[in-house]
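Remarks on the structure that follows.
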Amino acid sequence: MADVPRSDHMSIEEFRRRGHEVVDWIANYQREIESLPVLSRAKPGQIRTALPPEPPAEGESFDAMLRDVDEIILPGLTHWQSPNFFGYFPSNTSGPSILGELLSAGLAVQGMLWATSPACTELETHVLDWLVGMLGLPGKFLSSGKGGGVIQDTASSASLCALLAARERSTAGGSNESGCDGHLTAYASTQAHSSIEKAVKIAGLGRRNLRAIEVDSAYAMRPDALAEAIARDRRDGKTPCFVSATIGTTSSNAMDPLRAIGEICREAGVWFHVDGAMSGTAALCPEFRWIQDGLELADSYCFNPHKWMFTNFDCDCFWVADRAALIGALGILPEYLRNQATASGAVIDYRDWHIPLGRRFRALKLWFVIRHYGVEGLRAQVRRHVALAQTFADWVREDSRFELAAPAPLNLVCFRLRAGDEANQKLLDCLNASGELFLTHTRLDGLFTLRMSIGQARTERRHIERAWARIREEAARL
Ligand SMILES: Cc1ncc(COP(=O)(O)O)c(C=O)c1O
């Protein structure tokens with residue numbers, strides 16, 4: 001039989017046509033999103049039941065795929081881009097970001113080495129240097145000195161890489177050689193994100209060697225408690241190795257006092273990492289840069305444009321003051337990756353700056369976002385969100401049934417009914433079941449607390465007004 005090759009690839013012309021359809025679909029979704037229930041109403045197993053048990057033996061039409069997106073997938077989504085999404089922290093996006101992501105998928109280059117796509121590396125280095133200036137970060141994070149920045153998938157990975165660099169620095173490379181022997185200790189406040197505990201587990205320090213440092217009445221780390229914990233561990237023969245402070249904690253947006261913490265770290269010779277995953281974006285605006293006072297004492301810093309800077313997931317920016325420490329911890333060079341550019345020492349090979357080898361061209365979407373909005377455009381959005389949150393906090397203060405549960409320095413308002421946990425849980429459940437808005441909760445000092453997180457690209461004052469009206473209506477009904 002003659003060898004007639006099957007032509008299963010999507011033709012370039014069909015790709016062009018379907019691509020336009022998909023962009024139209026996304027534009028329509030964005031236009032309609034406000035009318036969709038914010039929280040998915042899917043029941044467990046509902047999506048899988050609607051899917052065929054076996055994959056198709058022969059290819060299907062693109063029409064059938066898009067139809068299933070409408071009928072099966074869409075009802076199973078919580079609409080994170082809805083202007084009425086006030087849960088967790090935002091995970092927002094924007095037109096330029098989506099288009100940058102599409103381009104990245106279309107190019108599909110691997111940027112593991114400079115040599116495997118020089119533009120992928122150099123654009124990333126350049127944009128991260130831009131951001132040092134845009135955010136008013138310490139100059140030591142610039143790639144022109146001993147430091148430099150890299151895009152990681154998430155803040156969780158960035159903190160893990162910081163911890164690995166810290167571990168190797170404090171054992172002079174010994175942990176990579178022989179493993180951890182349980183004497184290294186790490187420190188973060190009781191309010192630090194769970195990713196720090198995860199990093200401590202993955203890095204082999206052992207969870208029992210992570211110290212949860214007490215916080216003050218504003219939920220910020222107490223430097224005196226940190227200093228005491230480090231001193232106690234030293235007395236006990238441990239080796240303090242890593243401190244992680246947070247600007248903008250997940251529960252309540254608390255700001256750890258970086259300067260005091262940094263001075264303790266410097267004195268103790270401990271790696272100082274700062275997690276600005278959420279609130280780091282605020283530093284675009286000079287008036288909010290007080291949150292990073294003392295950051296010049298840090299060894300590493302990360303923040304997530306994929307939260308509040310209109311760049312779709314995943315995109316975390318991570319800087320180190322001494323790139324040699326990071327590369328020393330993560331670098332490895334098998335024969336098949338050797339090349340002249342690497343050997344010359346004149347280029348950055350980002351594979352040595354994070355866990356995976358392969359890497360996507362993430363800098364494109366970030367570059368598009370920065371160029372589309374410009375620094376002033378991004379600042380205007382941040383200021384708008386902060387102003388909306390402050391207005392919301394004023395409304396809470398004025399209603400005697402409610403109380404603010406924590407300071408609201410930026411765009412997160414933690415509040416609750418004075419009537420107790422049960423009433424607050426009911427209030428949250430009713431609001432979310434309505435589909436009109438979506439909030440999440442935390443516990444502060446053991447008390448059930450609602451979080452109003454304002455950071456969606458298209459959230460306007462009318463959405464906040466409507467949310468507050470609904471909250472008050474439901475509270476009256478309880
Ligand atoms: C302060 C803080 N750090 C880290 C993270 C984890 O972020 P990622 O999903 O990028 O790992 C979050 C997530 O909300 C966070 O609020």
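The values are calculated or read from the model by the stated rules, or taken from the named source; none is laboratory data. As the structure is a computational prediction, the values presented were derived from the model and not from experiment. Every residue, glycine as well, gets a Cβ built from its backbone with ideal geometry; the counts of neighbours run over all protein chains shown.
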- Item | All helices (runs of 4 or more DSSP H) inside the stretch 148-257 with 3 or more residues being modelled with pLDDT of 95 or more, more than 25 Å from Ala329 (Cβ to Cβ) and in contact with a Cys (Cβ under 9 Å, 6 or more places away or on another chain) | none
- Task: Please indicate, with yes or no, whether at least one residue in the stretch 424-432 is outside any helix (DSSP H, G or I) and over 30 Å from Val369 (Cα atoms).
- Result: no
- Message: Looking at Phe288 and the list (1) in a helix (DSSP H, G or I); (2) within 12 Å of the ligand (Cβ to nearest atom), which single condition is not satisfied?
- Response: (2)
- Starting from the stretch 66-80, keep only residues that are closer than 11 Å to Leu36 by Cβ, then list their pairs with residues that are modelled with pLDDT of 95 or more and outside any loop (DSSP other than H, G, I, E, B) whose Cβ atoms are within a distance under 6 Å, requiring at least 6 positions of separation or different chains. His79/Ile33
- Message: Out of Ala155, Ala203, Ala165, I need the residue that is under 25 Å from Asp322 (Cα atoms) and within 15 Å of the ligand (Cβ to nearest atom). Which one?
- Response: Ala155
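Quick grid of which residues meet (1) at pLDDT below 95; (2) closer than 27 Å to Cys241 by Cβ:
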residue: Cys265; (1), (2): no, yes
residue: Trp290; (1), (2): no, no
residue: Trp308; (1), (2): no, no
residue: Phe313; (1), (2): no, no
residue: Asp322; (1), (2): no, yes
residue: Ala346; (1), (2): yes, no
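Listed here are the residues, each with its yes/no results for (1) within 16 Å of the ligand (Cβ to nearest atom); (2) farther than 27 Å from Asp316 by Cα.
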{"site": "Arg18", "(1), (2)": "no, yes"}
{"site": "Ile33", "(1), (2)": "no, no"}
{"site": "Gln81", "(1), (2)": "no, no"}
{"site": "Tyr88", "(1), (2)": "yes, no"}
